[in-house]
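S.K.: Before anything else, here's the structure in question.
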Amino acid sequence: MSINGGAISCVDYIIQGITYFIREFKKETEEETVYMYPDNLKAKATLWLWELRDLGIIGIGLLISVFALSQLGFMAPIVITAVYAFLTIKFEDTSILNFIRYACAFFLLKQQNFEWRL
């Protein structure tokens with residue numbers, strides 16, 4: 001009797017160990033889930049050099065521009081769309097428009113204070 005009781009308790013300990021391992025492994029994988037998308041799903045969706053929102057605006061602008069150019073012979077919408085497309089190009093989370101804003105603020109709009117010490 002004691003042999004069978006010992007074997008059953010040994011199997012019971014093994015099963016308990018396996019369930020403990022599975023439970024702990026599941027906790028670790030739930031806490032540390034890493035996705036392949038940039039910044040672990042926190043980055044904005046991009047396509048080529050633009051965010052998807054900007055590409056949608058550029059696409060709608062191009063449709064309106066082509067219609068205005070073909071039906072009315074009016075060039076202004078296509079020029080505005082091209083300028084918008086250029087200004088919304090992003091390099092390393094900074095668009096060209098933001099760079100121009102930062103440069104104007106630094107060089108023209110904000111006062112620069114210099115302190116000279118001896």
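S.K.: How many residues, within segment 65-118, are on the phi > 0 side of the Ramachandran plot and among the small types (Gly, Ala, Ser)?
M.R.: 1
S.K.: Show the residue pairs that are 6+ apart or on different chains and have beta-carbon atoms under 7 Å apart, the first residue being within segment 76-89 and outside the structural domain of THR46 (by TED's automatic domain parsing) and surrounded by fewer than 14 Cβ atoms within 10 Å (Cβ to Cβ), the second being of a type outside the set (Val, Ile, Thr) and assigned to a loop (DSSP other than H, G, I, E, B).
M.R.: Note: no pairs meet the criteria.
S.K.: Right, something else. Find all pairs meeting these conditions: Cβ atoms under 8 angstrom apart; at least six residues apart or on different chains; first residue within segment 42-62 and touching a residue at least 40 places away in the same chain (Cβ under 8 Å); second residue exposed (fewer than 12 other Cβ atoms within 10 Å of the Cβ).
M.R.: THR46/LEU52; LEU49/PHE91
S.K.: To continue, here is another question. State all residues of segment 46-75 that are of a type in the set (S, T, N, Q) and surrounded by 12 or more Cβ atoms within 10 Å (Cβ to Cβ); if no residue qualifies, say none.
M.R.: From segment 46-75, those of a type in the set (S, T, N, Q) are 46, 65, 70-71; that's our starting set.
Those that are of a type in the set (S, T, N, Q) and surrounded by 12 or more Cβ atoms within 10 Å (Cβ to Cβ): THR46, SER65.
S.K.: Next question. Which residues, counting only those in segment 72-118, are within 18 Å of GLU51 (Cβ to Cβ) and acidic (Asp, Glu)? Steps first, answer last, please.
M.R.: At the first step, the residues of segment 72-118 found to be within 18 Å of GLU51 (Cβ to Cβ) are 81-101.
GLU92, ASP93, listed by residue number.
The values are calculated or read from the model by the stated rules, or taken from the named source; none is laboratory data. As the structure is a prediction and not an experimental result, all values here were calculated from the model. Here the Cβ is made from the backbone with ideal geometry for all residues, glycine too, and neighbour counts use every protein chain on show.
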